[in-house]
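Student: Quick one: this structure, given as structure tokens, is what I'll be asking you about.
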Amino acid sequence: MRNTPWYLVLMAFVFIVTGLVGTASAKSTYLTLFNNTYPSATYPSTAAIRNCSLCHPNSVTSQFNPFATDFKNAGHLFAPIETKDSDADGFTNIAEITAGTYPGLATSKPVVAVTLSSIAISGPASLNENSTASYSATATMSDNSTKAVTATWSENSAYTTISAAGALTATAVTADQTVTVSANYTEGGITKTASRSVIIIDVPEQACTDLDGDGFAIEGGSCGAVDPDDTNPLITPTSGKTPLNDTTEFVKQLYWDLLNRDGDTGGVLYWVNQIDTGKVTKGLATDSFHSSPEFQHHVPAVTRLYLAYFHRSPDFNGLMYWATHHAQGMSLEEISQNFAVSQEFLNTYGNLDNAQFVELVYQNVLGRNSDPEGLNFWTNQLDTGNLSRGQVMVGFSESLEYQAHSQTEVFISTAFITLLRRAPSQAEYDYWVINLNAGNPRLGLIDNLLNSSEYAARFAQ
């Protein structure tokens, strides 16, 4: 075999060397172009990316990352691709260059500072005179995370004081008063303030009738033991009678707990007879009061408004305040409109247009997305001014769909509030939801509350 001529070998060597030098020169030229386009003086953070990995994965020059591909497609110009997000990591190329991270590597991206966006106040919407309630502040950050924060508290009423820990104390009032509670919080040089209105309730004293002057009244309830004969001072009630050991006292207390009024004589006698003759238990009597039209028309309706608006059970004071006003003639729409201007409501719904508001109501209240017909109807009612947002909320809270959807939650909430004077804890609520949804009778919850030490403690002497 003949040897290859020397001049052919020399030509091949020159061709290979020239090609390699040309490739290296091209790559060096593009990096030089990058350095000139983004000089260190203007972009000091780019020192870490001024290398071949800017365009080549792990500096392997035979491979190209998405930034290099976009650079090539832009005619080897950087400016046209500054606003692109080549590596699809959520940051534009220029943002990554400025931050000194690789615009072609998705795992390399700027660190975004999390800042304070807003704060919100949690706590009861109303407070009885001569009592104290606690309020807390929650911060929402720019990444939508939330956290409890220690805020600076203030209030604007002569009838209240608030501690550094957020404990609001109300003094005696002669009529209902509205106080504004404010929380101020600063983090990272950003200050946010939240406010909410709290109603200080003038608690009416129960009328106590003592015709014979023996110190006992016929009303019972907060007036003390019932006088069995208010015409004879020699006839007085047996000392120590309470709803725990006396049927009459128990029935009278039911009227106050569930209907918020004195029991009529005929009604009290009827239920006392039913219980004493064994026709019904105390639990069944309580359930009958709970199912009565008088109770259902007021307390559950207001409870549904609380759940629809705020996604929580009402506090005792707030529920009694609004249920009493409803029983005295205030419409649900009027109550709803008061809720609609509360800070707690505005934090969720205040910055939405009408269509967005309706869609969020569907999701938050009914637990589903809107249907096109319903969305168009309610949005049009708001756009034309036929209905206010408060009226729309009543339309949802009183709908048959929501009444069925919230039936268990409303029952659990109102049972705890009427018998124990407080809302259920989350653990208690979760337990009874599972229990009732399993088909167990709701009488089990009522009996559990009536037999609890917490119920008994209400009447300890």
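Student: Within the stretch 141-169, take every residue that is polar (S, T, N, Q) and part of a loop (DSSP other than H, G, I, E, B) and give me the one that is farthest from I201 (Cα to Cα).
Tutor: Ranking the candidates gives S142 first.
Student: Okay, moving on. Go through the stretch 452-461 residue by residue and tally those that are part of a loop (DSSP other than H, G, I, E, B) and not aliphatic (A, V, I, L, M). Break it down into steps so the answer makes sense when it comes.
Tutor: If we filter the stretch 452-461 for residues that are part of a loop (DSSP other than H, G, I, E, B), which is where we start, we get 452, 458-461.
Those still in the list that are not aliphatic (A, V, I, L, M) too: 452, 458-459, 461.
The number of residues fulfilling the criteria is 4.
Student: Determine which member of the set S131, S118 is polar (S, T, N, Q), surrounded by fewer than 19 Cβ atoms within 10 Å (Cβ to Cβ), modelled with pLDDT of 90 or more and farther than 30 Å from T46 by Cβ.
Tutor: It is S118.
Student: Please verify whether the stretch 223-241 includes one or more residues that are out of contact with any helix residue (DSSP H, G or I) (no Cβ under 8 Å at 6 or more places or on another chain), at pLDDT below 85 and part of a helix (DSSP H, G or I). Talk me through it step by step, then tell me what you get.
Tutor: Going through the stretch 223-241, the residues out of contact with any helix residue (DSSP H, G or I) (no Cβ under 8 Å at 6 or more places or on another chain) turn out to be 223-224, 227-240.
Add one more test, that the residue is at pLDDT below 85, and what stays is 223-224, 227-240.
Then keep just the ones that are part of a helix (DSSP H, G or I); that gives 223.
Yes, the conditions are met somewhere in the stretch 223-241.
Student: Quick one: which residue in N347, N351, N338 is assigned to a loop (DSSP other than H, G, I, E, B) and under 19 Å from R196 (Cβ atoms)?
Tutor: Result: N351 is the single residue among N347, N351, N338 that is assigned to a loop (DSSP other than H, G, I, E, B) and under 19 Å from R196 (Cβ atoms).
Student: Right, next: Scan the stretch 393-411 and give yes if some residue there is under 30 Å from D246 (Cα atoms), touching a residue at least 24 places away in the same chain (Cβ under 8 Å) and crowded, with 16+ Cβ neighbours inside 10 Å, otherwise no. So that I can check it myself, show each step before the final result.
Tutor: Residues of the stretch 393-411 under 30 Å from D246 (Cα atoms): 410-411.
Subsequent filtering for residues that are touching a residue at least 24 places away in the same chain (Cβ under 8 Å) retains 410-411.
Adding the requirement that they be crowded, with 16+ Cβ neighbours inside 10 Å leaves 410-411.
Yes - at least one qualifying residue is present in the stretch 393-411.
Condition check ((1) farther than 25 Å from H298 by Cα; (2) of a type in the set (V, I, T)) across all residues:
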position: Q337; (1), (2): no, no
position: Y362; (1), (2): no, no
position: V365; (1), (2): no, yes
position: S370; (1), (2): yes, no
position: E373; (1), (2): yes, no
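Student: Which condition number does D430 fail, the rest of (1) exposed (fewer than 14 other Cβ atoms within 10 Å of the Cβ); (2) more than 19 Å from the chain's Cα centre (by Cα) being met?
Tutor: (2)
Student: With the requirement that a residue be at pLDDT 85 or above and of a type in the set (S, T, Y), what does the stretch 337-369 give you?
Tutor: Residue satisfying the conditions is Y362 alone.
Student: Under 9 Å between Cβ atoms, which residue pairs at least 6 apart in sequence (or on different chains) link something in the stretch 100-112 that is among the basic types (K, R) with a partner that is crowded, with 16+ Cβ neighbours inside 10 Å?
Tutor: From the stretch 100-112, the pairs are K109/D87; K109/D89; K109/F91; K109/A95; K109/E96; K109/A99; K109/T101; K109/Y102.
Student: While we're here: Going residue by residue through the stretch 280-287, is there one that turns out to be outside the structural domain of E333 (by TED's automatic domain parsing), among the hydrophobic types (A, V, I, L, M, F, W, C), touching a residue at least 24 places away in the same chain (Cβ under 8 Å) and assigned to a loop (DSSP other than H, G, I, E, B)?
Tutor: No, the conditions are met nowhere in the stretch 280-287.
Student: Taking into account only those residues within the stretch 346-358 that are free of Cβ contacts under 8 Å to residues at least 12 places away in the same chain and either among the polar types (S, T, N, Q) or touching an Asp or Glu at 6+ places or on another chain (Cβ under 8 Å) (or both), which is surrounded by the fewest Cβ atoms within 10 Å (Cβ to Cβ)?
Tutor: N351
Student: Which one of these is touching a Lys or Arg at 6+ places or on another chain (Cβ under 7 Å), surrounded by fewer than 20 Cβ atoms within 10 Å (Cβ to Cβ) and either under 20 Å from L127 (Cα atoms) or of a type outside the set (S, T, Y) (or both): Q343, Q363?
Tutor: Values: Q363 fails: touching a Lys or Arg at 6+ places or on another chain (Cβ under 7 Å).
Going through Q343, Q363 in turn, just one is touching a Lys or Arg at 6+ places or on another chain (Cβ under 7 Å), surrounded by fewer than 20 Cβ atoms within 10 Å (Cβ to Cβ) and either under 20 Å from L127 (Cα atoms) or of a type outside the set (S, T, Y) (or both): Q343.
Student: Right, here's the next one. Looking only at the stretch 153-209, count how many residues are among the hydrophobic types (A, V, I, L, M, F, W, C) and touching a helix residue (DSSP H, G or I) at 6+ places or on another chain (Cβ under 7 Å). Walk me through it before giving the result.
Tutor: Pass one, the stretch 153-209, residues among the hydrophobic types (A, V, I, L, M, F, W, C): 153, 158, 162, 164-165, 167-168, 170, 172-173, 175, 179, 181, 183, 190, 194, 198-201, 203, 207-208.
If we keep only those that are touching a helix residue (DSSP H, G or I) at 6+ places or on another chain (Cβ under 7 Å) too, we end up with 194, 199, 201, 208.
Residues in the stretch 153-209 being among the hydrophobic types (A, V, I, L, M, F, W, C) and touching a helix residue (DSSP H, G or I) at 6+ places or on another chain (Cβ under 7 Å): 4 in total.
The values are calculated or read from the model by the stated rules, or taken from the named source; none is laboratory data. Just so it is clear, the model here is predicted, and its values are computed rather than measured. Cβ: placed from backbone, ideal geometry, glycine included. Neighbour counts: every protein chain shown.
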